[in-house]
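Q: Here's a structure for you.
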Amino acid sequence: MRTSKLISFAIVCGLSTGAFAATEVIHQQGRVFSAESVTARKGEALTFLNDDSVPHNIMSVSKGNEFNLGSQPPGSSVDVTFKQAGEVTVICAIHPRMKMNVKVVD
Amino acid sequence: MRPGLVGTTVSYVLAFAMSSLAVGVASQSFGAALVGEVRQVVVQPKAAADADALKAQYRRPAATPFPKDNPYTPEKAALGKKLYFDTRLSASSAQSCASCHSPSYGWGDGLAVGVGHGMQKLGRHSPTVINAAWGDIFMWDGRLATLEEQALGPIQSEGEMNMPLDRLMKRLNSIPEYKTLFANVFADEGMTPQTLAKAIATYERTIISEGAPFDAWVEGDEKAISDEAKHGFALFNGKAHCASCHEGWNFTNDGFQDIGLPGDDVGRGQFVPGVIKMVHAFKTPGLREIARRAPYMHDGSLATLDDVVEHYNWGGAARPSRADLMTPLGLTDQEKTELVAFLKTLSSNLTPTSAPVLPR
């Protein structure tokens, strides 16, 4: 049991470290994603930084990489790690003009 | 990852998060991307734009956008206009697009909610078609992606024009002049539901608000609007933060927000399930010709612009879906008056629209 706890802990820490190691930052200023399309390795994170003046709701319904950041206030940043290779469409639920593509590769 | 391990990880993520708040911990979500913790970031607020820079954000565009797969031709727009005003597009032959989107009422209908087939009231306010050429997404709930798709929606909707497309095409085919017009405009495609939609959408894209006093002021005529309206414009972009959503020359970013109007219509929530901020969210309408378009809001529940400003000043009904931008504004009576004065400067001297002579 103790071993399994340690493994779990290591996984958690590993995930956190992975998240913090994110280098690609997607900005949202002016209701626009700073990149129309990026490539990320599976298990690698993208940072979604709301440096805009209004809340955003960044999400994806692309299979295997679904996420929903909920209402993200200005001045906040969240890492998203993609788990499955493939094309991911990321949108802002609030602002339909905001749309980007993430190509997740193995 | 083995299922057993997944379960263990979840429980430890939770336990770890609770026991050690000082350390950042990733939260887990399975069969999906992994979302990390929220971090606060210092974002330098942009310096408030000076008056000229602000005005520049509202300058009218030089040209009307038409999609590549449905370019403008005068003949197509003229055919679309006939179809738009033709009541035979409805099952009852009593309703046209113009019944609910009428030039006499700022291209709406002046009613709280639309009236459809059999004089039945619809659930929502008829939106204007003004400046639809710049729309990114259509309907109050954004369920249609293009103006072409939108054109066919109300025709077929049982509650609205109640006209199945196959029946409509037979009816139009029995009118010789329409056959000729379609053949001229769509030589390759002929008369189909798609070409019908293309013609109507092309006509709709020509329905554009004309130069208003506000535009003259933006272009440098200081006397075009009152000082009261100028103060209102500053409030619109400042204290009242209307421009967070009603931005740009057409005064909308086509976004979806729950602005806290009472009612159980879930709006955009029906099409974006599981996203709390989309429940009761409706598309931000543009504000051109707004003084001609009472009553207001997706449900037509507010009779005047004063009522609308009062609603935003209140902040709307508090509920989880309500937009975070909806907070009480603390406007003075003078400021409310100034905002309304500004909104009235968005009405243009609309050239009267002539009704077309229809093929028989």
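Q: Would you list which lysines come within 19 Å of residue A:42, measuring only between C-alpha atoms, while excluding same-chain residues fewer than 8 positions from it?
A: A:63, A:83, A:103
Q: Give me the count of lysine pairs in segment B:74-204 whose alpha carbons sit under 25 angstrom apart, restricted to pairs 8 or more positions apart or on different chains.
A: Lysine pairs, 8 or more places apart or on different chains, close enough: 12.
Q: HN-Hα J couplings of segment B:256-270 from phi, Karplus 6.51/-1.76/1.60, θ = phi - 60°, integer Hz, Gly and Pro as x?
A: Per-residue couplings from phi come out as 10, 9, 8, 9, x, 7, x, x, 9, 5, 7, x, 4, x, 5 Hz.
Q: Let me ask you something else. Out of all DSSP beta bridges in the protein assembly as shown, what portion is antiparallel? Express it as a percent rounded to 5.
A: Numbers: 28 of 37 bridges.
Here the share of antiparallel DSSP bridges comes out near 75 percent.
Q: Can you compute 3J(HN,Hα) from phi for each residue in segment B:103-116, using the Karplus curve 6.51 cos²θ - 1.76 cosθ + 1.60 with θ = phi - 60°, rounded to whole Hz and x for Gly and Pro?
A: With coefficients 6.51, -1.76 and 1.60, one gets x, 6, 10, x, 6, x, 10, x, 9, 5, 10, x, 10, x Hz.
Q: Check residue A:56: other-chain or 5+ apart residues with amide H under 5 Å from its amide H, H built from backbone geometry?
A: The answer is A:72.
Q: Ok, one more. In Å³ and rounded to a whole number, note down the convex hull volume per residue for the Cα atoms of chain B. Intermediate values should be presented prior to the final figure.
A: On the way: hull volume 68.8 nm³, N = 360.
Normalising the Cα hull of chain B by residue number yields 191 Å³.
Q: 5 Å is the cut-off here: which amide hydrogens, built 1.01 Å from N in the peptide plane, fall below it relative to residue B:302, excluding neighbours closer than 5 in sequence?
A: Under 5 Å from the amide H of residue B:302: B:296.
Q: Turning to a different aspect of this structure: What does the extension gain come out to for residue B:221 and residue B:93, with contour length at 0.36 nm per residue minus their alpha carbon separation?
A: Values: separation 128, 0.36 × 128 = 46.08 nm, distance 4.76 nm.
Answer, rounded to one decimal: 41.3 nm.
Q: Then there is this: Through the Karplus equation 6.51 cos²θ - 1.76 cosθ + 1.60, θ set to phi - 60°, convert the phi angles of segment B:202-207 into ³J(HN,Hα) values in whole Hz; use x for Gly and Pro.
A: 5, 4, 4, 5, 8, 8
Q: Now for a different question. Can you work out the base-10 log of I(q)/I(0) for the protein assembly as shown at q = 0.08, 0.12, 0.13, 0.14 1/Å, using the Debye formula on its C-alpha atoms alone?
A: The Cα Debye sum returns log10 ratios of -0.57, -1.10, -1.22, -1.32.
Q: What per residue convex hull volume, in Å³, comes out for segment B:209-351 when only alpha-carbon positions are used?
A: Working: hull volume 14.9 nm³, N = 143.
Here the figure is 104 Å³ per residue.
Q: For residue B:281, which sequence-distant residues (separation of 5 or more, or a different chain) have an amide H within less than 5 Å of its own amide H, given hydrogens modelled in the peptide plane?
A: Those qualifying (amide H under 5 Å, at least 5 residues apart or on another chain) are B:268, B:269.
Q: Right, another one. Once you have the Kirkwood Rh of segment B:146-236 from its Cα pairs, apply Stokes-Einstein at 25 °C and 0.890 mPa s and quote D in µm²/s. Don't skip to the end; give the middle numbers.
A: Values: Rh = 16.5 Å.
Taking Rh from Cα pairs, D becomes 148 µm²/s.
Q: So how far apart, in nm, are the two label points at residue B:111 and residue B:149 if each is 7 Å from Cα heading toward Cβ?
A: The answer from the label model is 2.6 nm.
Only the coordinates and a few stated rules stand behind these numbers; no lab work does. None of the values given here were measured: they were computed from a predicted structure. With ideal geometry, Cβ positions are generated from the backbone for all residues, glycine too; neighbour counts draw on all protein chains shown.
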